[in-house]
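Single-structure report; data block below.
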Ligand code: NAD
């Protein structure tokens, strides 16, 4: 089912994306990893995936803020492996600031990387999936696709946009054996969360411990961070045949955050 197929996971040199790419590889899929970082560390990760799981792993350095590079990444994946069967639109960045001070270039970057990149990747990958009458598209959204938090205007707008894109493409692809879903994690302990702590400290006038306990985990009734492996397991289930009738769904994994 997953074995021998190909997964493209954007933003997979770190955090959630890396865990998802490794989970696909463990299940026997060839993977395309993507994202920024130290070239030697990325190559160690790529070759490590091949050695550990006995699959092929290809690295694409495509910049998810650039439509032409995203289109080229999907084409390259199809040429390298013959198909793109799983597309996980996961790359994302964050910026925390009151809207009056929000730098316009940060707004543009977040909309491009967190939202428009999914459009470009789907635009390029869907024709192949439709022709083969099979595919799985998973968009890493966020609890912020369903609810807002102050000082995250661009991120919340992009993630709400991803929810709309997910539903729309699900309807367009429904009769082609293709499902399209959004996974909405609450706070997952990754570099993306770690990096926003200083800005949140500044924006709200809090200490690091206060940000972790009173802002981040305050939102999560379980008082626990979600783990990257839990998100990856969710993605793998959505990739299975048992999940063929789950489509257009905005699915939470947020420790109860959005139940409040
Ligand atoms: P992360 O910072 O660990 O990883 C982000 C990845 O995206 C990295 O591989 C990075 O290199 C890549 N990336 C960033 N800009 C890029 C660009 N222009 N082109 C290509 N790759 C780029 O973050 P994470 O926490 O693993 O986040 C992954 C996704 O999960 C994001 O969409 C994020 O919004 C979402 N998410 C995270 C959390 C959380 O609490 N960590 C919660 C909900 C949703």
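Quick grid of which residues meet (1) outside any helix (DSSP H, G or I); (2) touching a residue at least 60 places away in the same chain (Cβ under 8 Å); (3) within 13 Å of the ligand (Cβ to nearest atom):
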residue	(1), (2), (3)
42	no, no, yes
63	yes, no, yes
79	no, no, no
88	yes, yes, yes
97	yes, yes, no
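Looking at residue 118, is it more than 12 Å from the ligand (Cβ to nearest atom) and surrounded by 21 or more Cβ atoms within 10 Å (Cβ to Cβ)?
No: the conditions fail for residue 118.
So which of 113, 162 ends up being over 17 Å from residue 253 (Cα atoms) and within 16 Å of the ligand (Cβ to nearest atom)?
Just a single option satisfies the conditions, and that option is 113.
Residues in region 177-191 that are buried (at least 17 other Cβ atoms within 10 Å of the Cβ) and within 12 Å of the ligand (Cβ to nearest atom): how many?
Final tally of qualifying residues: 8.
If the requirement is being in contact with a helix residue (DSSP H, G or I) (Cβ under 8 Å, 6 or more places away or on another chain), part of a helix (DSSP H, G or I) and in contact (Cβ under 8 Å) with a residue 60 or more places away in the chain, which of these qualifies: 157, 163, 203?
Selected residue: 163, the only one of 157, 163, 203 that is in contact with a helix residue (DSSP H, G or I) (Cβ under 8 Å, 6 or more places away or on another chain), part of a helix (DSSP H, G or I) and in contact (Cβ under 8 Å) with a residue 60 or more places away in the chain.
Given the criterion at pLDDT 95 or above, touching a strand residue (DSSP E or B) at 6+ places or on another chain (Cβ under 6 Å) and farther than 15 Å from residue 235 by Cβ, identify the matching residue among 41, 57.
Exactly one of 41, 57 is at pLDDT 95 or above, touching a strand residue (DSSP E or B) at 6+ places or on another chain (Cβ under 6 Å) and farther than 15 Å from residue 235 by Cβ, namely 57.
How about region 68-77: which of its residues are surrounded by fewer than 18 Cβ atoms within 10 Å (Cβ to Cβ) and touching a helix residue (DSSP H, G or I) at 6+ places or on another chain (Cβ under 8 Å)?
If the condition is that a residue be surrounded by fewer than 18 Cβ atoms within 10 Å (Cβ to Cβ) and touching a helix residue (DSSP H, G or I) at 6+ places or on another chain (Cβ under 8 Å), then 71, 75 are the ones that fit.
Could you list, in sequence order, the residues of region 234-260 that are loosely packed, with under 14 Cβ neighbours inside 10 Å and under 17 Å from the mean Cα position of the chain (by Cα)?
Selection gives 237 alone.
The values are calculated or read from the model by the stated rules, or taken from the named source; none is laboratory data. This one's a predicted model, so the numbers in the text were calculated from it and none came from an experiment. Positions of Cβ are backbone-derived with ideal geometry, glycine not excepted, and every protein chain shown enters the neighbour counts.
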